[in-house]
Every structure is written in structure tokens, then in C-alpha cells.
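Engineer: Before we start, here is the structure in question, set down as C-alpha cells.
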Amino acid sequence: MKRVTLLSWIVGIFCIAAPAMAAPPFGSFGGIVGGGTGGGGNLPLHGWCLDDHGVSVVDIFVDDVIAGRASYGRQRAGVLERYPGYPDAAASGFAFNLDTTRYHNGLHKVQPVCRAIDGGAVRLPAKTLEFTNTTHNLVPFGRIDFPSRNAVLYGDCTNFDTLSVVDGWALDAGVEIGDEGISYLELLVDGAIVANTRTDCGFDPASGFLYNCAGFVRQDVEKVFPGLKDSPRAGYRFAINVGALIDFGFVRGFHVLTLRAGDIAGQFSNAYEIPAFFGCRDDLANEGAFGSIFTPRTGLTYNGVLTIDGWALDREGVKRIEIWMDGEKLGDAFHGIVRPGVSLRYPIPSYPESGAPGFTFSFNTRGYADGAHNLQVFVFDDAGAPRELIGEVTVKFNNIPEE
């Protein structure tokens, strides 16, 4: 008979009772977006992080002192492909814009810390970056968020009652007192100024919104650029009348839209440019429907009741929205949900349903086989045009059998 010593008995009890140690988070710090070892102003940092319990937050440290919290949840297709089983695999990326004007010029250690939901944490390998800031290179910066590059902007070339919105954000950093903050913004078409936020800001009674104005709340920008003077109200919104511009002499076809930003110290920059195309609605028999699907998201897995939601608009008016899956109609979506962000970009009277363009449709995935499925959203307009596909996603169903 095998003898059990007191020591082996204690070790055995400990092994049975002791919980398994949770694996710490892991990931990669890419440094500055686009490469590089330093710079001035705001440096865009990026990387990714995963944990088997899920990632809670990612903090950024400079010289071992916290600088701020990164924005976590960016899509990283390569990470999803390599680590498909992790909770945040589909959106494991993080981003942070580091305001280098808060630090002395020179070399600094920059390091992200990934924190898991269960309390685990890990410091990703640090990078040494050089900060170089002088007044003359800290010009204003920003972005045109809408429309997208190469978008076609249609105007009414007869009644001139259609507005096309251009919006985004702009900020300015400085290293001296009185050298931080946006003073004015301008929208240029092919180098010609068409609107200025100082002189042209006004209210449009047809849509009920302010246009050619700056200072709109942008909480998303504030999260990305914490601490900059104008970040809580970094947004701007211009409106151009494409039909009137064409009547004035701008041709149908290719143009360049430019955001020009000036700061309170007198510096300015052409902060962002996009190509766009101008056209006349008068030339179209039917403009066609368009929209977007917010949820579900391609590549993700769902179970139970799945709600499809998004928005749809049509110049001729939206009559009906149909939801299809794998080539068969599931049903008609409910249309008429308020979406303020969409309404701002596609104002009345240009689109009849602009005030409430959202739609929703729910169904139980348990009635369908587990695996991949293709979902489509079609719109029928009031003019009787053929149905228009406005969105398509591929998702997976994975339901636990009911007892």
C-alpha cells in the first residue's frame, strides 16, 4: 500500500483548491500611424489588445505618467483572423492622439497599458519618440467627415432649393499663451471661398438647422483629442447649393473641396481636401435610394432575436423597406425612426423622410440553421422605380438548442 506523506497530502489539497491563474492581456503597440519616430502637435498612436475575458480600457503613459485613455474598439481584420475566439477580436484596435505640446521637446518613452475586465493588466513594449514643437509648425488641423471622397453632390439646377452638407471637425494646438484655438473656418471649391464661419453662419428655416457655422459639440473628437482648447466643440457644418454654383459657372463634374482653418494667432492651413463631383437632379429620371445598416455587423455571430436597424432615404420618397435573407424575403421593416445625425446631413426639403429616416426589423434566429447567412435591405420609392439595394451584411447564427 502506497504511503501518503503529510507534505504530499497538503500539496494535493492545494492543487485541487487553487484556481487556475488567468492569462494576462496581450497585444501590439504600432507607435505613430504611418510610421515615424517623432513629430510635433498631436501624434496619432495605434495598436491592438486582447484578453480572454475581454479588454476594459487601454491607457497611454508618457515617461511612466498617464497621458490619457485610448479609444478602444477599432476593427482590426488581421487580428480577428489570427485570434477569432477572443471577445474583442472583431474590434481589438485602439487609437490615441497624443498632445505633445504638453511636454518638453526631446525624447520620451510612450507606452500603452492594456487592462482586462477581470482586473489583469499588461504593459505593451514601449517606444521612444521625439517631440519637436515650435510655434510656426503648429498650424490648425482637421477633417472633412462628410461627404466621402469622390461623392456625387446633386443640386437642383432649376429651383435652387437643394443643399449639400459638408461637415467635420477642426482643432488647433499651441505652445505659447494666446496661440491655441480656432478663429475661423472656410470651405473652398477649386480654391474659391464659398463660405466662412465668421461671416456666413446662419439659420436655414427649411431644415431647421444652422449652417456655415463652427462650434458644434463633437464628443467623439473630445475623446480622441482630450485637453485641446476647442475639442468639446470642434465640429463645423457648411451647406453649399450645388445648383446655384453650377448656375454661377461651376461645371458639372470634378471639383475639389478644401477645408481651410485659421487660428487665433493668425496662422492658417488647408487642413483637408477631398475630390467630389457636381451634378444636376434635373438630369436624372430617378436619383435612387440610399442608406446604411448600423446593425448587425458583417463577420459577427448572433443568436436569439436579432434586430436589424439602419436608415434609408430617397429623393422621390421611401414607400417600403424590405428585409431579405439568403434570397428570400423576411418581411417589411418599420420605417420612421428619428436619426438626428442623418437628418443633419440630408436636410428637408431635399429628402421627404429626412426628419425620421431610421428603420428597424427583428426576427428570431432560432428559426434558421446555424452558420453563415446573407442579409439584404431593399428600398422601394414612391415613384415606382425598381427596388434599390442599400445594404448587405454576412453574419453567423449560433444558437444553443432549447431544452
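Engineer: Only Cα pairs under 8 Å and at least 6 apart count here; give the relative contact order of the chain as a rounded whole percent.
Structural biologist: Averaging sequence separation for qualifying contacts and normalising by length gives 12 percent for the chain.
Engineer: Quick one: helix 6-17 against the long Cα principal axis of the chain, what's the angle to the nearest 10°, folded into 0 to 90?
Structural biologist: 20
Engineer: Amide H of residue 216: which non-local residues (sequence gap of 5 or more, or other chain) have their own amide H closer than 5 Å, using H built in the peptide plane?
Structural biologist: Amide H neighbours of residue 216: 235, 236.
Engineer: Specify which residue in the list 384, 357, 298 is farthest towards the positive end of the charge dipole of region 290-397, using unit charges on the beta carbon of Lys, Arg (+1) and Asp, Glu (-1), about the Cα centre.
Structural biologist: The Cα lying farthest towards the positive end belongs to 298.
Engineer: Dipole size in debye (nearest 20) for region 60-129 around its Cα centre, Lys and Arg Cβ +1, Asp and Glu Cβ -1?
Structural biologist: Dipole magnitude for region 60-129 comes out near 100 debye.
Engineer: Further question on the same structure: Picking from 240, 343, 144, whose Cα lies most toward the positive end of the charge dipole for the chain (charges on Cβ: Lys, Arg +1; Asp, Glu -1)?
Structural biologist: Going by the Cα projections, it comes out as 144.
Engineer: With +1 on each Lys and Arg Cβ and -1 on each Asp and Glu Cβ, and nothing else charged, work out how big the dipole of region 352-403 is about its Cα centre, in Debye to the nearest 20.
Structural biologist: With only Lys, Arg, Asp and Glu charged at Cβ, the dipole is about 120 debye.
Engineer: While we're here: Under the rule a/c < 1.5 gives rounded, and otherwise a/b versus b/c splits prolate from oblate, where does region 32-173 land using the Cα gyration tensor? Walk me through the numbers before you get to the answer.
Structural biologist: Numbers: a/c = 2.92, a/b = 1.35, b/c = 2.17.
Verdict is oblate for region 32-173.
Engineer: Note down the magnitude of the dipole of the chain about its Cα centre, charges +1 on Lys and Arg C-beta and -1 on Asp and Glu C-beta and zero elsewhere, to the nearest 20 debye.
Structural biologist: Charge dipole, the chain, about its Cα centre: 1440 debye, nearest 20.
Engineer: Just want to confirm a number: the relative contact order over region 137-283, from Cα pairs under 8 angstrom separated by 6+ residues, in percent. Let's see the in-between values first.
Structural biologist: Numbers: 369 pairs, mean separation 53.2, N = 147.
Reported relative contact order: 36 percent.
Engineer: Expressed as a rounded percentage, what relative contact order does region 290-397 have, with Cα pairs under 8 Å and six or more residues apart?
Structural biologist: Once normalised by length, the contact order is 36 percent.
Engineer: Mark the label point 7 Å from the Cα of residue 356 along Cα→Cβ and return the residues of region 271-294 whose backbone N is within less than 12 Å of it.
Structural biologist: Residues passing the 12 Å test: none.
Engineer: Once a ≥ b ≥ c are taken as the square roots of the eigenvalues of the Cα gyration tensor of region 109-150, is the result rounded (a/c under 1.5), prolate (a/b larger than b/c) or oblate (a/b not larger than b/c)?
Structural biologist: oblate
Engineer: Another question, then. Using the Karplus equation 6.51 cos²θ - 1.76 cosθ + 1.60 (θ = phi - 60°), what ³J(HN,Hα) coupling, rounded to whole Hz, does each residue of region 312-320 give in order, writing x for Gly and Pro?
Structural biologist: My calculation for region 312-320 gives 8, 9, 8, 4, 8, x, 8, 8, 7 Hz in order.
Engineer: Which whole-Hz ³J(HN,Hα) couplings does region 49-57 yield from phi under the Karplus relation 6.51 cos²θ - 1.76 cosθ + 1.60, θ = phi - 60°, glycine and proline marked x?
Structural biologist: 8, 9, 8, 5, 9, x, 8, 8, 8
Engineer: Could you tell me which label, among (1) 44, 24, 22; (2) 36, 24, 21; (3) 45, 36, 15, carries the value of semi-axes √(5λ) of the Cα gyration tensor in Å calculated for this structure?
Structural biologist: (3)
Engineer: Moving on to the next point. Hey, rough spin-label estimate for residue 252 and residue 387, points 7 angstrom out along Cα→Cβ, what's it come to in nanometres?
Structural biologist: Taking the simple label geometry, residue 252 and residue 387 are separated by 3.1 nm.
Engineer: Just to check I understand the Karplus step: with θ = phi - 60° and J = 6.51 cos²θ - 1.76 cosθ + 1.60, what whole-Hz values come out for region 78-87, glycine and proline as x?
Structural biologist: x, 5, 4, 5, 7, 10, x, x, 8, x
Engineer: Which value in nm describes the separation of the simple spin-label points at residue 316 and residue 148, placed 7 Å from the Cα toward the beta carbon?
Structural biologist: Once both label points are built, they end up 2.4 nm from each other.
Engineer: Show me the ranking of peptides 70-83, 253-266 by mean Cβ neighbours inside 10 Å, starting with the highest. Provide the component values of the computation, followed by the final result.
Structural biologist: Values: 70-83: 16.1, 253-266: 18.3.
Top of the packing list down: 253-266, 70-83.
Throughout, read-outs are computed from the coordinates displayed, never taken from laboratory work. Keep in mind the model is a prediction, meaning the values are calculated, not measured. Here the Cβ is made from the backbone with ideal geometry for all residues, glycine too, and neighbour counts use every protein chain on show.
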